[in-house]
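For reference, the structure discussed in these notes is given below.
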Amino acid sequence: KKHAEEGNVKKKAEYQITAEWNKDRKADIDCDVDLWVRNPKGQIVFWRSKENSLMNIERDDVGKRNDNIVMASGETIENPEDKEYWYLRGIIPGEYTVNLHLYACLRAAEFFSIGHPIAPLPVEVKLIKLNPSMRIEQVETVMMTELWQEQTVMNFTLSPSGEVTNITHIPMKLINGTNSTGGQ
């Protein structure tokens, strides 16, 4: 009889990017922050196009609205984490751009309109190399301050061997020219 090895779960990916906000859960505002990533071929993944060329968005977190799951038994299970996950499942050498988009915010039942200012919402973004062992390559905290704001967090370059060789902060719009209306 075989026994499972503890602590040896391997993710079939080379890199992960996480975007996390509202970590203290004290904010009275509920926001949906979206992660957008562009690869060296110009292909973009985001909430509406979750897979493209070895990249995928694993979780589109819309804020507190999808934190509770009611089971068939009536029991409620809560996942209070506001966090999105991006994965790169192979190496495509070249420059990647990582952006955040503050898609929606609400307080109680009041939705805010595009351009509405909000109290600064810190969003922590991590670039993590997963293989052959986990290593955090970069951590950035971006302050989102108005609805529909798009902010470049970082640009990073991957070598053909899969190493990060350069990290910059050159702004690049990813939302314009994409079908980004009507959703999450």
Links that overshoot a 23 Å alpha carbon limit, given the list Lys41/Lys173; Lys23/Lys173; Lys41/Lys83: Lys23/Lys173; Lys41/Lys83
Compute, for Arg38, the solvent-accessible surface of its heavy atoms (probe 1.4 Å) with the complete set of protein chains present, and express it in square angstrom to the nearest 10. 70 Å²
For Ile92, the net charge from surrounding residues (Cβ-Cβ under 12 Å; K, R +1; D, E -1) works out to +1
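The values are calculated or read from the model by the stated rules, or taken from the named source; none is laboratory data. Because the structure is a prediction, the values reported are computed rather than measured. Every residue, glycine among them, receives a Cβ derived from its backbone with ideal geometry; neighbour counts consider all protein chains shown. For accessibility, only protein heavy atoms count, side chains too; no ligands or nucleic acids. Shrake-Rupley method; radii C 1.70, N 1.55, O 1.52, S 1.80 Å.
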